[in-house]
Amino acid sequence: MSTISVSDLKKKPAKQWLKSVGKDDLVVTSKGQPVAVLMRIASASVESTRALLRSVRALQAQASLQQAAAASGAAELSMSDIDGEIAASRRASRRK
């Protein structure tokens, strides 16, 4: 996978970096950290590619939530514990 900095991307014409990338994805970096990925797609597949990327983002969000739940201990709660937390929260909001 090729990389290019944001500043280099601004300087080079699109034709130039598209030729240098070939069929590989291009990782865009800012201050050495990856911030985006540029990838070639067929013009007919734009919407399906966007749908796939939304699915990947949803899976990443789910994994992040699962990791946070495991780290906080919330992943160990039973269904009755969860129901109890919900009921307590609802009671507290009714009192306000």
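The values are calculated or read from the model by the stated rules, or taken from the named source; none is laboratory data. What you are looking at is a predicted structure, and each value in this text was computed from that prediction instead of being measured. We place every Cβ from the backbone using ideal geometry, glycine too, and count neighbours over all the protein chains shown. Please note that ligands, DNA and RNA were not included when accessible areas were found on the heavy atoms of the full protein model with its side chains. Shrake-Rupley method; radii C 1.70, N 1.55, O 1.52, S 1.80 Å.
Things worth noting here:
- In Å², nearest 10: area of ASP25 left accessible to a 1.4 Å probe: 50 Å²
- Acute angle (nearest 10 degrees) that the helix 46-72 long axis makes with the longest principal axis of the chain, alpha-carbon atoms: 40 degrees
- Antiparallel content of DSSP bridges confined to the chain, in %, to 5: 55 percent
- Its relative contact order, with pairs defined as Cα atoms under 8 Å and 6+ residues apart, puts the chain at 17 percent.
- Per residue, the chain exposes 83 Å² of accessible surface when a 1.4 Å probe is rolled over the protein heavy atoms with every protein chain present.
- The count of lysine pairs in the chain with alpha-carbon distances below 30 Å, taking only pairs 8 or more places apart or on different chains, stands at 12.
- Here the 3J(HN,Hα) profile of the stretch 23-33, calculated from phi with Karplus coefficients 6.51, -1.76 and 1.60 at θ = phi - 60°, is 9, 7, 6, 10, 8, 8, 10, 9, 6, x, 9 Hz, Gly and Pro shown as x.
- Pair-distance distribution P(r) for the chain, from all Cα-Cα distances in 5 Å bins starting at 0: 2, 10, 11, 13, 13, 11, 8, 7, 7, 7, 6, 4, 1 percent.
- Size of electric dipole in the stretch 1-86: Cβ of Lys, Arg +1 and of Asp, Glu -1, about Cα centre, debye, nearest 20: 1100 debye
- Rounded percent of accessible protein surface that carbon and sulfur make up, the chain, 1.4 Å probe: 56 percent
- When the charge dipole of the chain is built from unit charges on Cβ atoms (+1 for Lys and Arg, -1 for Asp and Glu) and taken about the Cα centre, the candidate among VAL6, ALA74, ALA87 whose Cα reaches farthest toward its positive end is VAL6.
- Folded to 0 to 90 degrees: helix 79-95 orientation relative to the chain principal axis, Cα: 80 degrees
- Per-residue extension of 0.36 nm, minus the Cα-Cα distance of GLU85 and LYS15, leaves a gain of 19.5 nm for this segment.
- Spin-label pair MET1/LEU59, simplified geometry with 7 Å Cα→Cβ offset, distance in nm: 1.4 nm
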